[in-house]
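Okay, so here's the structure we're looking at.
The values are calculated or read from the model by the stated rules, or taken from the named source; none is laboratory data. None of these values were measured; they are calculated from a predicted model. Cβ atoms come from the backbone with ideal geometry, glycine included; neighbour counts cover every protein chain shown.
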Amino acid sequence: MKKYLSLLLFIFFVKFTCQAQTNRVEDFIPQGYILYEKVFGDFNKDNQEDCILIIKGTSKDNFEINRFDEVVDRNRRGIIILFKNESDYQKVTGNLSCFSSENEDGGVYYAPELSFDVKKGNLIIHYSHGRYGFWNYTFRYQDSKFKLIGYDSSSNFGPVVNSETSINFLTKKKLVRENINENAEGGDEVFKETWSKIKIDKLLNLSEIKNFDDLDMYNY
């Protein structure tokens, strides 16, 4: 009887240990990378907290001297998306180096700040450039991939919005709003709206993007 109980306890211990290991999202980070940020949200509407891992390379070859004679880490960042089920996580997609480092040279201003969010089941990749505005990429999980379905940007000068652009890759429509009030001080802009159709053969997959800095939305 004691041997039987000991065996059951051993099996339970092994099962619990294995389950705990598979529940560690950090286990999905490949060798040569470190965790930069974690974001949680429900992508597939199953009431489970899916996970976004933002990772960063660790190669010493990418440490450089900047224009201020400081050593900076210019290793690029990437993304891994995990879906949560009842017992563990499953990797859905990944892109190991599609984002520049957080230590890029912004010139006379700081480099854009990168952040991530989950809204209505969509992945929002947000670049903020302070008083100069922002731009967003919206991805939706469909056909077992994360596909770019939307782009939004705002070009600002301080509190004044000079122009806004919104592209819907599903409807293939683009809206540009331009401020025509030259004396605007912020909040009193007057926008002229222009709608147009875009040409697109297929939706872009997150895993296919080599560098977000090279995505030129003016082509649409």
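Which of the residues spanning the stretch 127-155 are part of a strand (DSSP E or B) and either closer than 17 Å to GLY106 by Cα or in contact with a Cys (Cβ under 8 Å, 6 or more places away or on another chain) (or both)?
As a first pass, look at the stretch 127-155 and keep what is part of a strand (DSSP E or B): 127-128, 133-142, 145-155.
Answer for the stretch 127-155, where residues must be part of a strand (DSSP E or B) and either closer than 17 Å to GLY106 by Cα or in contact with a Cys (Cβ under 8 Å, 6 or more places away or on another chain) (or both): TYR127, SER128, GLY133, PHE134, TRP135, SER155.
Exactly one of these conditions fails for LYS210: (1) within 23 Å of GLU113 (Cβ to Cβ); (2) more than 23 Å from the chain's Cα centre (by Cα); (3) assigned to a loop (DSSP other than H, G, I, E, B). Give me its number.
Only one criterion is unmet by LYS210, namely (2).
Can you tell me which residue is modelled with the lowest pLDDT among those in the stretch 73-120 that are among the hydrophobic types (A, V, I, L, M, F, W, C) and in a loop (DSSP other than H, G, I, E, B)? If you could, list the steps in order and put the result at the bottom.
The first filter runs over the stretch 73-120 and keeps only residues among the hydrophobic types (A, V, I, L, M, F, W, C), leaving 79-83, 92, 96, 98-99, 108, 111, 114, 116, 118.
Those left that are additionally in a loop (DSSP other than H, G, I, E, B): 108, 111.
Numbers: VAL108: 75, ALA111: 87.
Among them, the one singled out is VAL108.
Considering GLU164, GLU193, GLU189, GLU178, which residue is over 19 Å from the mean Cα position of the chain (by Cα) and loosely packed, with under 11 Cβ neighbours inside 10 Å? So that I can check it myself, show each step before the final result.
Working: GLU164 fails: loosely packed, with under 11 Cβ neighbours inside 10 Å; GLU189 fails: loosely packed, with under 11 Cβ neighbours inside 10 Å; GLU178 fails: loosely packed, with under 11 Cβ neighbours inside 10 Å.
It is GLU193.
Restricting the stretch 40-49 to residues that are of a type in the set (D, E, K, R) and touching a residue at least 60 places away in the same chain (Cβ under 8 Å), which is farthest from ILE80 (Cα to Cα)? Give the derivation first.
At the first step, the residues of the stretch 40-49 found to be of a type in the set (D, E, K, R) are 42, 45-46, 49.
This time we only want the ones that are touching a residue at least 60 places away in the same chain (Cβ under 8 Å), so: 42, 45.
Details: ASP42: 15, LYS45: 19 Å.
Per the stated criteria, the residue is LYS45.
From the list LYS192, LYS202, which residue is in a strand (DSSP E or B), free of Cβ contacts under 8 Å to residues at least 60 places away in the same chain, of a type in the set (D, E, K, R) and touching a strand residue (DSSP E or B) at 6+ places or on another chain (Cβ under 9 Å)? Show your work before the answer.
Values: LYS202 fails: in a strand (DSSP E or B).
It is LYS192.
On the basis of being closer than 21 Å to LEU203 by Cβ, basic (Lys, Arg) and exposed (fewer than 15 other Cβ atoms within 10 Å of the Cβ), does LYS173 make the cut?
Numbers: closer than 21 Å to LEU203 by Cβ: yes; basic (Lys, Arg): yes; exposed (fewer than 15 other Cβ atoms within 10 Å of the Cβ): yes.
Spelling it out, LYS173 is indeed closer than 21 Å to LEU203 by Cβ, basic (Lys, Arg) and exposed (fewer than 15 other Cβ atoms within 10 Å of the Cβ).
Could you please let me know if GLY150 is over 14 Å from the mean Cα position of the chain (by Cα) and small (Gly, Ala, Ser)? Explain how you work it out, then say what you get.
Working: over 14 Å from the mean Cα position of the chain (by Cα): no; small (Gly, Ala, Ser): yes.
It is false that GLY150 is over 14 Å from the mean Cα position of the chain (by Cα) and small (Gly, Ala, Ser).
Which residue, of ILE124, ILE167, ILE79, is under 30 Å from GLN48 (Cβ atoms) and touching a residue at least 40 places away in the same chain (Cβ under 8 Å)?
Values: ILE124 fails: touching a residue at least 40 places away in the same chain (Cβ under 8 Å); ILE167 fails: under 30 Å from GLN48 (Cβ atoms).
Going through ILE124, ILE167, ILE79 in turn, just one is under 30 Å from GLN48 (Cβ atoms) and touching a residue at least 40 places away in the same chain (Cβ under 8 Å): ILE79.
Going through GLN21, GLN48 one at a time, which residue ends up being among the polar types (S, T, N, Q), modelled with pLDDT under 95 and under 27 Å from GLY121 (Cβ atoms)?
Only one candidate qualifies: GLN48.
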